[in-house]
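Q: Please see the structure below; I have some questions.
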Amino acid sequence: MAHNVFRGLGIALITPFTPDGAVDYVALKRLLQYQIDNGADFLCILATTGETPTLTADEKKRIKDLVVEMAGGKLPILMGCGGNNTAAVVEELRTGDFHGIDGVLSVCPYYNKPSQEGLYQHFKAIANATKLPVVLYNVPGRTGVNMKAETTVRLARDCENIVAIKEASGSLEQVDEILKNAPRDFDVISGDDALTYPMVACGAVGVISVIGNALPREFSKMIRLEKKGEFEGALKIHHRFTDLFSLLFVDGNPAGVKAVLHQMGFIDNVLRLPLVPTRLTTLQRISELLKELKI
């Protein structure tokens, strides 16, 4: 089975935009350097938090090339490649440019609402279409379908290059069932910042984090402490940020983390429609909380 290199703190990288809505590559470079210098273990690009559905093919290629140029060889790079048309995803995997990419993150098909057998066949076709390691992404709150633990375990057993799952079902029971029954070399990665502490305690190997865009040093410290068995110190960090976790998602993702990064001076607070920035009340609360946290 292929080896999973996506462990520890992974950053679900945002896409900064200029006030007129263009991709802000200067801000992206600055943000990438900040991640490299402050404890990020890997990068996850062109996925949900990156507002990928609103990016053009040219923008995606330029972002991918920039990340590979800056971080390639320093941090493993996981790139989003998924959809609800299996044939189209397979074609992209066979013909796309994956130079410098260490693995692909593939989301459960959304809108179609496939059965568990449909999910299994979809991901099996994806695994067969690439030699790269594949990380499954289960996020029923966005896709409308939950991939059950038994389906995940079946894929882990049957497909050598399916190495991990980003689990964002919100169910610790489901996470535990995967960890109990999957092959030993198959990993679970948290897809929910607020549940990362309990998931790592259960045996998850890390997180693909939204808050890590802004606070990589603090969040990576929490995971490292936990992995060393220093649960009390890790729990203090977890509790320090629980209010911020909820604020980040109250107006949707990545609106919350973009508001935080704007307050920190990294980016303009701009999203592409149909997403919009956080409400003013949320922005004010984020600003107050960052002052309380001394960030």
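The values are calculated or read from the model by the stated rules, or taken from the named source; none is laboratory data. In this text, all values refer to a predicted model and were calculated from it rather than measured experimentally. Reconstructed Cβ throughout: ideal geometry from the backbone, glycine too, with neighbour counts over all protein chains shown. These accessible areas exclude ligands, DNA and RNA; they are computed on the full protein's heavy atoms, side chains included. Shrake-Rupley method; radii C 1.70, N 1.55, O 1.52, S 1.80 Å.
Q: How large is Rg/Rh for the stretch 149-274, to two decimals, with Cα atoms and a Kirkwood Rh? Working shown, then result.
A: Details: Rg = 16.0 Å, Rh = 15.7 Å.
With Rh from the inverse mean 1/r over Cα pairs, Rg/Rh is 1.02.
Q: Follow-up question, since we're still on this one. Can you tell me, using C-alpha contacts under 8 Å and at least 6 residues apart, the relative contact order of the chain as a whole percent?
A: Normalised by residue count, the contact order of the chain is 20 percent.
Q: Let me ask something else about it. Quick one: with all protein chains in place, what share of the accessible area of the chain is carbon or sulfur, to the nearest percent (1.4 Å probe)? Let's see the in-between values first.
A: Values: 6480 of 12840 Å².
Carbon and sulfur atoms account for 51 percent of the accessible area of the chain.
Q: Pick out, from A214, T152, T196, the residue whose Cα sits farthest towards the positive end of the charge dipole of the stretch 127-246, with +1 on the Cβ of Lys and Arg and -1 on the Cβ of Asp and Glu.
A: Farthest towards the positive pole: A214.
Q: What is the dipole size for the stretch 99-258, taken about its Cα centre, with +1 at each Lys and Arg Cβ and -1 at each Asp and Glu Cβ, in debye to the nearest 20? Present the calculation step by step, with values, prior to reporting the outcome.
A: On the way: 18 positive and 19 negative charges, 55 e Å.
Computed charge dipole of the stretch 99-258: roughly 260 debye.
Q: Rounded to the nearest angstrom and ordered from largest down, what semi-axes does the equivalent ellipsoid of the stretch 226-295 get from its C-alpha gyration tensor (root of 5λ)?
A: On the way: eigenvalues 136, 34, 24 Å².
They are 26, 13, 11 Å, listed from largest to smallest.
Q: Would you mind telling me the antiparallel percentage of the DSSP bridges in the chain, rounded to 5? Kindly include the intermediate steps, with their values, before the conclusion.
A: Numbers: 1 of 29 bridges.
Around 5 percent antiparallel, to the nearest 5.
Q: N128 versus H239, label points 7 Å from Cα toward the beta carbon: distance in nm?
A: Spacing of the two 7 Å Cα→Cβ label points: 5.2 nm.
Q: How high is the relative contact order of the stretch 39-92? Use alpha-carbon pairs under 8 Å, at least six apart in sequence, and give a whole percent.
A: Working: 35 pairs, mean separation 26.5, N = 54.
Over the stretch 39-92, the number comes to 49 percent.
Q: Could you identify which residue out of G203, G118, G256 has the top mean-square fluctuation in a GNM of the chain using Cα springs shorter than 10 Å?
A: Taking springs between Cα atoms under 10 Å, the residue moving most is G118.
Q: To continue, here is another question. Say each of K221 and K180 gets a label point 7 Å from the Cα, pointing the same way as Cα to Cβ; how far apart are those two points in nm?
A: Going from the K221 label point to the K180 one covers 3.6 nm.
Q: Follow-up question, since we're still on this one. Considering only lysines 8 or more places apart in sequence, or on different chains, count the pairs in the stretch 158-295 whose C-alpha atoms sit under 23 Å apart.
A: The result is 17.
Q: Quick one: Debye curve from the C-alpha atoms of the stretch 29-151, no solvent, what's log10 I(q)/I(0) at q = 0.09, 0.10, 0.15, 0.22 Å⁻¹?
A: Evaluating at q = 0.09, 0.10, 0.15, 0.22 Å⁻¹ gives log10 I(q)/I(0) of -0.26, -0.32, -0.71, -1.32.
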